[in-house]
1. Of 78, 47, which residue is in contact with a helix residue (DSSP H, G or I) (Cβ under 6 Å, 6 or more places away or on another chain) and either surrounded by 22 or more Cβ atoms within 10 Å (Cβ to Cβ) or more than 30 Å from residue 321 (Cα to Cα) (or both)?
2. Being in a helix (DSSP H, G or I) and surrounded by fewer than 24 Cβ atoms within 10 Å (Cβ to Cβ) is the filter; apply it to the range 307-324 and report the residue that is nearest to the chain's Cα centre (by Cα).
3. Which residues, taken from the range 27-58, are over 16 Å from the mean Cα position of the chain (by Cα) and closer than 26 Å to residue 145 by Cα?
4. Could you please find all residues in the range 218-265 being surrounded by 24 or more Cβ atoms within 10 Å (Cβ to Cβ) and within 19 Å of residue 306 (Cβ to Cβ)?
5. Criterion first (more than 28 Å from residue 98 (Cβ to Cβ), touching a strand residue (DSSP E or B) at 6+ places or on another chain (Cβ under 6 Å) and in contact (Cβ under 8 Å) with a residue 24 or more places away in the chain) does residue 5 satisfy it?
6. Confirm whether residue 201 is in contact with a helix residue (DSSP H, G or I) (Cβ under 7 Å, 6 or more places away or on another chain), surrounded by fewer than 19 Cβ atoms within 10 Å (Cβ to Cβ) and touching a residue at least 24 places away in the same chain (Cβ under 8 Å).
7. Could you grab me the full set of residues in the range 111-130 that are buried (at least 22 other Cβ atoms within 10 Å of the Cβ) and under 15 Å from residue 9 (Cα atoms)?
8. Give the range 215-236 a look and list any residue that's farther than 12 Å from residue 194 by Cβ and in a loop (DSSP other than H, G, I, E, B), or say none.
């Protein structure tokens, strides 16, 4: 049995080097990039058994994506292959203050966006303790929206814990479109992770992070809401309030830090920050604490900010060492 299974599109990221702008560069760095696969990779590197399900074009670009994810120990046997469509890509210009990051998507009519829910091996999807999804997927196409609803239905039937990162992308859909689709989804979610500003953009919930988290829990009956606030840290609400401050980091690449936080939080909260050593059964309840999850999540996100690419390259020892240094007074 897998500990965590994820479902979503992974693209090729083409980024200009260092401080160069896209229109001036003669070189593009190629990386594999997808929120759901980022989480699967990060958790695999922490020691869990993870799987990633997607749909890719059977060509060298599709194989590049799968090979990179497989290299990190993620099971990719659930990936669907097709001769039609294309592998999605996006172009990234890494910003330096006061200039922000710039992203240009080229993912329309990708192989994943055309997926049919009937293609997926739902027995494979069901054979995991945790299902992790993001709000990117339902915004890609009506087919993808149907796919997510089917995944949630299967998860409910087999007793999976469902975790969901809102991950609102303004380049994919409008706040009004997102609010309608995500509102239907969130009622089936056990743990919601998001940035506070994303929630305010999509749902219009105003107030402090504590206010927004409380509103989300009440509106959608979510057990646990975790809100990221960048340099201000995180707040979690499960009926009680939990806070964790951010690390002071010299940022190399912001992209993927939210996914690293999600992976670290799930590892610390659901799995108590250690590999599973129990029978092939579902998780009746989290093995760790919310505070443990926040500590792992913030540490893994901080480490991700220090290197290039979407993927988190940190190990469990890296995270534990950083957490230990914080306990010794390093910020």
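The values are calculated or read from the model by the stated rules, or taken from the named source; none is laboratory data. Just so you know, these numbers come straight off a predicted model, no measurement behind them. Please note: Cβ atoms are built from the backbone with ideal geometry, for glycine as well, and neighbour counts cover all protein chains shown.
1. Numbers: 47 fails: either surrounded by 22 or more Cβ atoms within 10 Å (Cβ to Cβ) or more than 30 Å from residue 321 (Cα to Cα) (or both).
Only one candidate qualifies: 78.
2. Per the stated criteria, the residue is 316.
3. 55, 56, 57, 58 - these are the residues of the range 27-58 that are over 16 Å from the mean Cα position of the chain (by Cα) and closer than 26 Å to residue 145 by Cα.
4. The answer is 228, 234, 256, 258, 259, 260, 261, 262, 263, 264, 265.
5. On the way: more than 28 Å from residue 98 (Cβ to Cβ): yes; touching a strand residue (DSSP E or B) at 6+ places or on another chain (Cβ under 6 Å): yes; in contact (Cβ under 8 Å) with a residue 24 or more places away in the chain: yes.
Answer is yes for this residue.
6. So residue 201 passes the test.
7. Correct list: 111, 112, 115.
8. 221, 223, 233
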